[in-house]
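S.K.: There's a structure below that I have some questions on.
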Amino acid sequence: MNGTVNRVLFGMLVAVIVRGAAAVRGEDLPAVDYPVVIDLNYPDTAAAGEVWTPMQGSPPARPFRAGRVPALRLGCPFAGTDMERASWDGAVRLDLRLARGIRFMFRCADAAPVARFSLYFRSGPGWYSSSFSPRADGKWETIEILKANTSIEDTPNGWGQVEAIRISAWRGGRENTAFDVAAFGLLPADAGLAVVRGVSAAARIGKNEAKGIARYAENVVDHLGRAGIYPPVVDDVELTDDLLRGLKVVILPYSPTMSDKLVSRLSEFVRSGGRVIGFYSVRPLLLKALGMTPGQYVTGRDVPGGFGRIRFRSGALAGAPVNVAQGSWAITVVKPIPGKSRVLADWVNSEGADTHLPAVVGSDRGMWMTHVYLAQDPVNGPRMLLAMVGRYLPEVWERAAKAAVADIGRFRPYSGYAAAVVDLRRNRDADVSRRLQSAEQLAAAARRQLAVRRFVNAIDVAGQARQALQEAFFLAQKSLPGEFRGAWCHRAYGISGWSWDRTVQRFAASGFTAIFPNMLWGGAAYYPSKVLPVAPLVKEQGDQLAACLKACRKYGVQLHVWKVNFNLGRSVDPAFTARLKREGRLQEDAQGRRTPWLCPSHPLNRKLEIDSMVEVAKNYPVDGIHFDYIRYPGNRTCYCDGCRKRFEQFAGAPVTDWPGQVLKDGPLRRKWLAFRRSNITAVVKGVHDAAKKVRPDIKISAAVFRNWPTDRDTIGQDWVEWCRKGYLDFVCPMDYIPDDRAFERTVIRQLGWVRPTGVPLYPGIGLSTARFGATGLISQILITRRQRTGGFLVFEYNKTEATSIFPALGRGLTRSR
């Protein structure tokens with residue numbers, strides 16, 4: 001760890017170095033060689049309880065020693081209780097500003113009763129949070145929590161003022177378990193640069209915009225990491241002059257409402273020799289410091305063919321790729337000032353034509369990209385970011401080159417290059433052998449380039465070697481006849497810039513068999529509906545369901561129409577929402593605040609949900625209809641007046657304290673949870689009965705949360721019961737879990753619930769959320785095969801998946817011929 005990080009991070013911390021541990025009664029802990037920043041050395045349970053406060057019926061934290069290493073044992077008494085989670089708050093004083101995150105040792109003898117584990121950091125009035133899953137039962141392992149991957153709750157004061165951490169185990173079953181934690185330390189970051197997250201805006205802007213702040217920062221950090229660069233994430237609220245003095249480059253992924261004070265501070269940072277790399281949101285004073293001026297706002301609809309990719313001008317930025325795929329929907333133009341800055345890259349439309357609009361503008365003081373970084377190109381995107389940082393921090397090229405060579409064979413399921421080569425040599429296919437031989441030759445060449453310090457060349461050749469090795473891996477996979485291979489497509493119009501014909505043709509060419517397009521919401525339909533308001537897009541582009549169905553029939557693909565239930569959606573007609581509000585049909589929380597979701601207990605809403613899905617079955621010969629959001633948004637709704645009256649009828653007794661009585665544990669609370677489940681189940685049953693009457697052959701399915709024992713209470717989604725009653729023909733738990741072992745444990749648990757019903761379970765794989773690319777997707781599909789599920793669904797099918805990831809699978813794993 002560099003000296004600057006040491007000075008900043010450890011001023012108030014316990015700096016205990018744990019170098020080894022002797023085995024004691026099987027509780028030995030593998031050696032760690034990093035500073036431990038939270039002292040868990042307590043003489044007894046009472047002393048531990050002074051620091052670690054159990055919550056919500058959780059037992060006290062019990063200290064013990066794992067060999068010579070202090071540790072805590074945390075029990076989860078899920079048997080015979082209704083507790084949602086076991087949690088402990090630990091009082092700490094941490095300055096994590098220049099760390100990448102935190103790491104600790106973790107062990108759980110049996111993680112099956114736990115849906116997920118969470119770690120929270122309290123900073124002032126707000127929190128940062130992240131979830132994790134252990135990889136193996138009964139063994140110590142290292143858990144890493146990256147700051148870039150945390151969610152923001154309320155308005156934290158920044159990573160420099162962490163006052164408490166909360167550890168939670170969320171109930172996933174009804175059995176007791178326990179887990180151990182030890183050796184909390186910091187994840188060091190590269191010196192000289194930082195990614196700034198605009199959290200100060202989170203409380204003042206919309207929820208989706210606030211999510212964007214976190215997501216776009218995560219995009220930049222993730223892809224810089226793929227290039228071998230590991231910057232810390234710093235929140236804008238803590239970007240002080242003192243902190244800036246230790247930095248050379250500041251990256252601003254998305255700061256929609258940057259304060260005037262911060263703009264002035266960053267402008268002075270630039271004038272003092274610092275460099276800024278910014279994206280999208282522009283502030284004239286900062287651009288002036290960089291030698292640029294702001295231009296107009298341009299949407300993709302204003303440009304023929306939209307924005308398809310970024311094309312760098314020849315020689316404009318050393319080490320940059322020629323093209324970077326990115327389908328942006330809008331840009332804010334930044335103009336160069338002659339003699340001070342110039343255009344480095346331009347936007348190209350979906351057909352490859354120049355839009356004559358700047359994508360990246362650069363100067364000696366910094367760069368600006370005219371949209372946020374969407375991380376849609378897993379190969380060229382990281383290289384672009386590396387080149388941008390390398391322009392001002394040349395020393396990163398050596399680190400990146402070493403990382404590129406080391407990572408040639410480091411992809412799932414392999415631990416490294418040697419393991420990949422040994423495994424692929426067992427395959428006797430001629431094409432696999434040719435690709436493998438090419439990969440071995442290129443890997444040797446990359447190592448030679450690194451040895452003579454030709455770092456850019458080493459990165460280029462290592463990338464070619466990795467591509468050849470992955471190609472051998474793709475070709476080595478075997479297809480499974482009769483497998484159900486589905487994918488969700490979130491856009492009713494197909495892939496942006498493509499027709500439905502092209503969208504489905506590429507889908508079928510990759511060997512996928514069933515597409516799930518999102519054609520209707522709680523308040524909008526993308527076809528001529530007589531039940532729901534019709535989205536404006538239909539008037540502009542026609543019946544999207546008919547167009548998709550035509551393409552599916554042409555290419556032999558099943559069409560399962562995806563319906564977002566209850567949630568009105570963003571395309572809803574405001575007049576329709578106003579009418580629902582007047583009629584008391586929207587959900588309300590305990591404080592009476594409305595949310596744009598239909599109240600599931602309202603008879604007219606149930607009828608609307610059922611009729612809209614049955615209308616599809618009647619009017620279109622689709623293969624299936626698919627529930628999503630078939631639940632409450634959480635456990636905080638609905639407490640409208642209508643719910644009170646209908647619940648009193650359900651319970652057979654008046655409720656004198658509303659909603660207080662149903663929020664407290666007791667008999668009425670249990671009846672309330674049953675009432676909520678019955679409201680959701682009524683819609684599932686109603687659609688099943690009516691749709692099967694119209695079309696006995698139609699398949700009915702649902703995308704569901706993965707943890708049925710708790711989700712049936714928290715969101716009213718009793719999906720195992722739906723399988724038992726025969727309301728579903730197959731079910732698709734959204735198992736969006738990056739870690740393979742945790743993914744497999746989840747699938748095994750779900751199959752235990754559903755297999756006795758005879759209903760197929762096709763796990764949902766979170767390709768877009770986990771960002772593990774084609775090799776990671778293959779790894780999880782192979783798990784579904786090992787567990788004999790008979791199929792899977794992928795979230796989601798978009799341009800990146802259609803142009804690179806799905807075709808990679810089509811060369812082997814999902815090959816149709």
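S.K.: Considering every residue within the range 622-642, establish whether at least one is open to solvent by less than 30 Å² (accessible area, probe 1.4 Å), touching a Gly at 6+ places or on another chain (Cβ under 8 Å) and aliphatic (A, V, I, L, M).
M.R.: No: the range 622-642 contains no residue that is open to solvent by less than 30 Å² (accessible area, probe 1.4 Å), touching a Gly at 6+ places or on another chain (Cβ under 8 Å) and aliphatic (A, V, I, L, M).
S.K.: So V24 ticks every box in (1) modelled with pLDDT under 95; (2) among the β-branched types (V, I, T); (3) open to solvent by less than 10 Å² (accessible area, probe 1.4 Å) but one. Which box is left unticked?
M.R.: It is condition (3) that V24 fails.
S.K.: Quick check on the range 59-86: of everything there that is within 32 Å of the chain's Cα centre (by Cα), in a loop (DSSP other than H, G, I, E, B) and of a type in the set (D, E, K, R), which residue is nearest to F106 (Cα to Cα)?
M.R.: Of everything passing the filter in the range 59-86, E84 is nearest to F106 (Cα to Cα).
S.K.: Ok, one more. Being under 16 Å from S601 (Cβ atoms), among the aliphatic types (A, V, I, L, M) and within 40 Å of the chain's Cα centre (by Cα) is the filter here, so list the residues in the range 649-663 that pass it.
M.R.: A651, V662 - these are the residues of the range 649-663 that are under 16 Å from S601 (Cβ atoms), among the aliphatic types (A, V, I, L, M) and within 40 Å of the chain's Cα centre (by Cα).
S.K.: Here's a check for you: in the range 287-305, which residue that is polar (S, T, N, Q) and exposed (fewer than 13 other Cβ atoms within 10 Å of the Cβ) is farthest from P338 (Cα to Cα)?
M.R.: T299
S.K.: Would you point out which residue out of L545, L532, L537, L580 is among the aliphatic types (A, V, I, L, M) and part of a loop (DSSP other than H, G, I, E, B)?
M.R.: Step by step, each of L545, L532, L537, L580 is checked, and only L532 is among the aliphatic types (A, V, I, L, M) and part of a loop (DSSP other than H, G, I, E, B).
S.K.: Here's something else I'd like to know. Determine whether G138 is on the phi > 0 side of the Ramachandran plot, over 23 Å from the mean Cα position of the chain (by Cα) and among the small types (G, A, S).
M.R.: Yes.
S.K.: Another question about this same structure. Please determine, by comparing only the residues of the range 299-320 that are part of a loop (DSSP other than H, G, I, E, B) and under 28 Å from the mean Cα position of the chain (by Cα), which one is farthest from W397 (Cα to Cα).
M.R.: Checking each candidate, the answer is G306.
S.K.: Another question about this same structure. Restricting attention to the range 382-434, and to residues there that are in a loop (DSSP other than H, G, I, E, B), of a type outside the set (K, R) and farther than 30 Å from I310 by Cα, which single residue is least open to solvent (accessible area, probe 1.4 Å)?
M.R.: G416
S.K.: Still on this structure, please answer the following. Between residues in the range 655-667 that are of a type outside the set (F, W, Y) and residues that are modelled with pLDDT of 90 or more and open to solvent by less than 20 Å² (accessible area, probe 1.4 Å), which pairs lie under 6 Å by C-beta distance while being six or more apart or on different chains?
M.R.: P659/Y639; Q661/V655; V662/W672
S.K.: Quick test for you: out of F269, F307, pick the one residue that is aromatic (F, W, Y) and more than 26 Å from Q376 (Cβ to Cβ).
M.R.: F269
S.K.: Here is a further query. Could you list, ordered by first residue, the pairs with Cβ atoms under 7 Å in which the first is in the range 445-464 and under 16 Å from G228 (Cα atoms) and the second is of a type in the set (K, R), at least 6 apart or interchain?
M.R.: L450/K402
S.K.: Hey, can you tell me all the residues within the range 435-473 that are over 31 Å from the mean Cα position of the chain (by Cα) and open to solvent by less than 20 Å² (accessible area, probe 1.4 Å)?
M.R.: L436, A439, A443, A446, A458
S.K.: Something else now. Looking at the range 620-628, can you tell me whether even one residue there is in contact with a strand residue (DSSP E or B) (Cβ under 7 Å, 6 or more places away or on another chain), closer than 19 Å to S701 by Cβ and in a helix (DSSP H, G or I)?
M.R.: no
The values are calculated or read from the model by the stated rules, or taken from the named source; none is laboratory data. Since the model is a prediction, treat every value here as computed from it, not as a measurement. With ideal geometry, Cβ positions are generated from the backbone for all residues, glycine too; neighbour counts draw on all protein chains shown. Only protein heavy atoms, including side chains, enter the accessible area calculation; ligands, DNA and RNA are left aside. Shrake-Rupley method; radii C 1.70, N 1.55, O 1.52, S 1.80 Å.
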